[in-house]
Amino acid sequence: MNLSNLLNKKFILFDGAMGSMIQKENINTLPELLNLENPNLIRSIHKKYIEAGADIITTNTFGANNHKLKKYNVDSDLIIKNAIEIAKSVQKNNLIALDIGPIGRMIEPMGKMTFDESYEFFKKQVIAGEKYGADLILFETFSDIYELKSGILSAKENTKLPIFATMTFSDDKRTFTGTDIKTMISVLEGLNVNALGINCSLGPDKMGSLVDKLVKYSSTPIIVQANAGLPDYKNGNTIYNINSNEYNEHTKKLMNKGIQIIGGCCGTTDEYIRKLNNSRKQIPFKPVFDKNYSFISSYSKTYDVSKNIHIIGERINPTGKKKLRQAIIEENMEYITNLALKQKEEGAEILDVNMGVPKIDENKLMIKSIKEIQKLIDIPLQIDSTNIEVIDNGLRYYNGKAIINSVNGKKNSMEEIFPVIKKYGAMVICLTLNEDGIPETMEKRLQIAKNIENTALKYGISKKDLIFDFLVLAVSAQQNELYNTLSTLSYVKNTYNYNTTLGVSNVSFGLPNRKILNRTFLAMALQAGLNLPIINTSSQDMMDTINSYKVLANIDKDCKKYISIYSEQKEEELKNETLEYCIENGLKEKTKIITIEKLKNTDPLEIINNILIPTLNKVGDKYEKEIIFLPQLIQSAETAKIVFKEIKNKLPDLDSSNKKDKIILATVEGDIHDIGKNIVKVILENYGYEIIDLGKDVACNKIIEKIQDSKAKIVGLSALMTTTLINMENTVKEIRKKFDDIKIIIGGAVVTKTFANSIGADFYAKDAREALKYLEKVPLN
Ligand code: B1M
C-alpha cells in the first residue's frame, strides 16, 4: 500500500483506540512498556484492527518520549523499535503510523519546557520512527499548537516521512490553549503537513460544527478520529457512552460533510472500525480542494488578509526612534511589549517587529522580542529584517503564521527568502524593485511582480501568500511616479486580485504639514485597493481615515465599529497606565514600580482588596468569555504575584519568640491556584502565626501526615474551582476521621458558608482578614 495512492483519492481508515483495548485486559502498567513486556497483546490488538479493515495501524507509542519514560529507566528508541517491529510482524496490505502524543510538560510561556527542549524529545522519536520503518508520523491529541509546531519541525528536519497532525478541541471549539480550527489550519498548512484534523475529547455527535469549519477552510486532507463519547467510571471501569452503531451513524454524517480520513480514538474498538470500514464503501468520497485563503495568525487569531483592510502597526522599528533604539540595545523588553500593547489598543491588527540596530545581536533580539510579545499579545506579527538568519529564527520561534517583510525581485533575495517561507509557512511582502532599482513605469513594476509570483510558485508558494508593495515615493521628489503607484495598485487589484501593502507615510517626506498629505494619500490608496496599510497607529488622523473609509466603502457593516469607536469617549486607561491596567496586561516592570510607589501611602490590604482581587476577577471574566486565553491569564497571574511580593517585602518581620499557633495551609488537590492562599499566609504570619505552607495541588494524605508530624491544631484549605470542591470535602472528611481536635478553616472564590457547614468545616473565611478574626477568638484544645 502506498500513501500517495490513497491520500485524497479515497477514504483512508485508521485503527481505533490502543489504550481502551489494553484496558479491556485489566492491565495496569504504562501502555508503552507493553511493547517490551507483552508484545503478543499489542500484536493481537493490531491484528484485530487489520482484520476490521484499517488501512493504517498506529504504533503503541503515544507517550514514548524520554520525558514520560524517564522514571521507567527506558529509552524511547527501544520502545519505538519494538513497537514498530510488533506492527510489522502483523502488517499486511496496510501502513504503519508512528504515534506521537504531547510530551507531558507545558511549553513556555505556560510551562517551563523550552521550544528547543520539546523539539529534542520529538527528534529522538521521529528519527527512531524512520529508522525502524514507520510509513508516516501521526502527531495526535495536541492542545498546544506551539508544542505541535516543535514536533512537526523535528519531523521535517530529521526525516522524510509524511506528517499527519491532529489537535483536540473542547466544547468551546478551541483547544485548551486557545487555538481555533482556522488557526490550526493556517499554521499546519503553513508547515506543509500531509493531513490535519481533530481527535479525542469529543464524540462524533459533538464534532459537526468543528468539521464544518475544517471542510470550509482546509486545503489539506482532513482527519477525524473521535472518542466513543464521554467516559464514565463504573465499578472501576471506564465506560464510553456511544456504542459502535451510534458511532458509525454519527461518523457517516461527518464523512458526508467532506472529510477524507477517519478512525477511532478513546473508547473505540475493532467493532467500531469494522463498521466504519463498511460505511466508507457506501459514501461518495469528496477530495479536498484548494481554498485559497490568505491566512496569517497568532496562536489564537487568524485573518484572511485578502478580505477587508488590516492595519499593520509600524512602530516597533528603531529607524529614527532614539528611545526604541536604546531599549533594543539594553534589551528592555518591557519597553518593546508596551509599544506592542499600545499599538494593539490603538487599532493595529498586525505588528511589524524590526530589531535592526547596528552592532547588536539582531538574531537574539528578534527571538527574544517575539517570545515576549507573543506571551502578552494575541495579534499576528510581521517579522521585519534584511538578515536571513533573523528571518529564519523569527519564523521558527513565532507561535503562528507570520508575515515576512520582505523579499524583492532581485534573484538572490528570492533564492534566500522563498525556501524559508516554504519551510515554516508565512506570507511575504514583495517589493517591486530588482537589480536595476525601482522602475519608473507601471509596466516594469508589474513585470517584477509577475516575476516574483512565478519564482515563488517554483518554490511551492502560491499567490495567496504574497503581498505586493508597489513602493511609495516622496511626492515632493517624484510626483509623476507617485501617481503611477496608485494606478498600478488599482490595476493589479482589479486584474490579479493581489494582496497589497504600502508604507504610507513616505509620501509626504520633505513637505510641510505631512499629516494632511499622509491621510489624503491613505484614503486614495485604500480606494485604489490597498488592503494592508502599514501606518503609525498613534496618528489619530490615519486611524480616523481608515475607520471612516470602512464605513464609506461598505466594509464596516451598519457602521458598527465606527459607532463603537466614536459614539462615546473610550476608556482612557491606556494613558493612565494604572496598576489595574499593568496587571491586566502583564506589564511586570511597571507593575513593580507602581506598587512600590503606592505602598508608600496605601495600606497593603487595601491594594489587595481594591486593586489586586478586582483586577484578577476582571481577567477571570475575560478568560471565561474568551476575550483572552490561557497564556494571557498566566501573564496576569504572574504580574499579580509581583504586586504581592512587594506587599510582602513591605510587611514587617515579626520577632520569632512571639509566635502563636501553628497553622497548616494548602490549596487542595487538583487546584493550582495559590495567590489567595499565599495572601492568607502572609497576613497570618504577619500577626504571629507559624504557617506550615504545603503549597498547591496538595493531596489529602500529605495534609494528614503533616498534621501528625507537626502537631498543628489548625488547618486552612483553599479551593478556587467548582471542580476541586469535592477534593476539599474529601480532605475535611479524612481529617475528621483521623483527628477530633483539629479546627478547619476553608476559603477561596468558590467556597461559601453553606458549603463549609455542609462538609463539616469549622469556619468559612471570605478573605484573609476574616480568617484572622476567627483565629484570634477560637479556643484551641
Ligand atoms: Co484560573 N480559574 N485556571 N488560573 N483563575 C479561575 C478560578 C476561574 C474562575 C476563571 C474563569 O473561568 N472565570 C476558572 C474556574 C472555573 C471553575 O470554577 N470551574 C479557572 C480555570 C478554569 C482555570 C484553568 C482550568 C484554566 C485552564 O487551564 N484551562 C487552570 C486550572 C488548573 C488547575 O488548577 N488544575 C487555571 C489556571 C490559572 C493560572 C495558573 C493561569 C492562574 C493561577 C496562578 C496562581 O494562583 N498561582 C489563574 C488565575 C489567576 C485565575 C483567576 C483569574 C484569579 C484567581 C485569583 O488569584 N484571585 C480566577 C478567576 C477569579 O477568581 N475571578 C481563575 C485573586 C485571589 C486573591 O483571590 O484566591 O479568591 P482568591 O483568594 C481570596 C479569598 O477567596 C480568600 O482570601 C483571598 C484574599 O483575601 N481565600 C481564603 C482564599 N483561600 C483562602 C483560604 C482561607 C481563607 C480565605 O483559609 C484557609
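If r is the Cβ-Cβ distance from GLU734 to GLU624 and R0 is 22 Å, what FRET efficiency results, to the nearest 0.05?
Efficiency at R0 = 22 Å is approximately 0.10.
Taking 0.36 nm per residue of sequence separation and subtracting the Cα-Cα distance, how much length would be gained by fully extending the chain between SER548 and ALA749, in nm to one decimal?
Gain on extension, SER548 to ALA749, equals 67.9 nm.
Which shape class applies to the stretch 486-558: rounded if a/c is under 1.5, otherwise prolate when a/b exceeds b/c and oblate if not, where a ≥ b ≥ c are the square roots of the Cα gyration tensor eigenvalues?
Oblate.
Mark the label point 7 Å from the Cα of ASN686 along Cα→Cβ and return the residues of the stretch 734-771 whose backbone N is within less than 15 Å of it.
Flagged as within label range: 767-771.
With a ≥ b ≥ c the root eigenvalues of the C-alpha gyration tensor of the stretch 1-120, is it rounded (a/c under 1.5), prolate (a/b larger than b/c) or oblate?
oblate
For SER538 and LEU772, what does the FRET efficiency come to when R0 = 45 Å and r is the distance between their Cβ atoms, rounded to the nearest 0.05?
0.40
At 222 nm, what value in deg cm²/dmol follows for the chain if DSSP H runs of at least 4 each add -39500 (n - 2.57) and the sum is divided by all its residues, to the nearest 500?
Mean residue ellipticity at 222 nm (helix-derived): -14500 deg cm²/dmol.
Residue by residue through the stretch 270-278, which ³J(HN,Hα) values in whole Hz follow from phi under the Karplus form 6.51 cos²θ - 1.76 cosθ + 1.60 (θ = phi - 60°), with glycine and proline marked x?
4, 4, 5, 5, 4, 5, 5, 4, 5
Test of understanding: extend the Cα→C-beta vector of ALA477 to 7 Å, then name every residue of the stretch 486-508 with backbone N under 15 Å from that spot.
Output list for this probe position: 505-508.
Rounded if a/c is under 1.5, else prolate if a/b beats b/c, else oblate: with a ≥ b ≥ c from the C-alpha gyration tensor eigenvalues square-rooted, which is the chain?
Note, shape of the chain comes out oblate.
Taking the Cα-to-Cβ direction at ASN73 and at GLN708 and moving 7 Å from each Cα, how far apart do the two end points lie in nm?
Here the modelled spin labels are 2.8 nm apart.
Using the alpha-carbon centroid of each, what span in Å lies between the stretch 429-471 and the stretch 733-767?
70
At a 10 angstrom cut-off on C-beta neighbours, averaged per residue, how do the peptides 65-77, 426-438 rank from highest to lowest?
Ranked by mean Cβ neighbours within 10 Å, highest first: 426-438, 65-77.
Order 253-261, 78-86 from most to least packed using the mean count of other Cβ atoms within 10 Å.
Ranked from most to least packed, the peptides come out as 78-86, 253-261.
Hey, what do the phi angles of the stretch 70-76 turn into as Karplus ³J(HN,Hα) couplings, whole Hz, using 6.51/-1.76/1.60 and θ = phi - 60°, x for Gly and Pro?
Those phi angles translate into 3, 6, 9, 6, 9, 8, 4 Hz.
How far is the Cα center of the stretch 580-615 from the Cα center of the stretch 340-402, in Å?
29
Using 0.36 nm per residue, how much length does the chain from THR520 to LYS359 gain when fully extended, once their Cα-Cα distance is taken away?
Additional length available on full extension: 54.2 nm.
Test of understanding: what is the full-extension gain from LYS24 to LYS286, defined as 0.36 nm times their sequence separation minus their Cα-Cα distance?
Length gained, LYS24 through LYS286: 90.7 nm.
Which aspartates and glutamates have a Cα lying under 16 Å from the Cα of LYS660, excluding residues fewer than 8 positions away in the same chain?
Filter leaves GLU685, GLU690, ASP693, GLU776.
Rounded to the nearest 5, what is the percent of antiparallel bridges among the DSSP beta bridges in the chain?
10
For the chain, with only Lys/Arg (+1) and Asp/Glu (-1) charged at the beta-carbon, what is the dipole magnitude about the Cα centre, in debye rounded to 20?
For this selection, approximately 980 debye.
Note down the nm distance, to one decimal, between modelled labels 7 Å out along Cα→Cβ at GLU597 and at ASN243.
Once both label points are built, they end up 6.9 nm from each other.
With no solvent and one equal point scatterer placed on each C-alpha of the stretch 313-436, evaluate the Debye formula and give log10 I(q)/I(0) for q = 0.11, 0.12 Å⁻¹, two decimals.
The Debye formula, applied to the Cα set alone, gives -0.35, -0.41.
Cross-link partners among lysines for LYS307, C-alpha distance below 16 Å, same-chain residues fewer than 8 apart left out?
Result set, ordered by chain and number: LYS182, LYS216, LYS291, LYS463, LYS464, LYS493, LYS550, LYS557.
Straight-line reach only, C-alpha to C-alpha below 17 angstrom: list the lysines that LYS648 could link to, leaving out same-chain residues fewer than 8 apart.
Within the straight-line cut-off, LYS648 pairs with LYS588, LYS592, LYS598, LYS600, LYS677, LYS681.
Only the coordinates and a few stated rules stand behind these numbers; no lab work does. From a predicted model like this one, the values you see are computed outputs, not experimental measurements. Note that we place each Cβ from the backbone using ideal geometry, even for glycine, and neighbour counts take in every protein chain shown.
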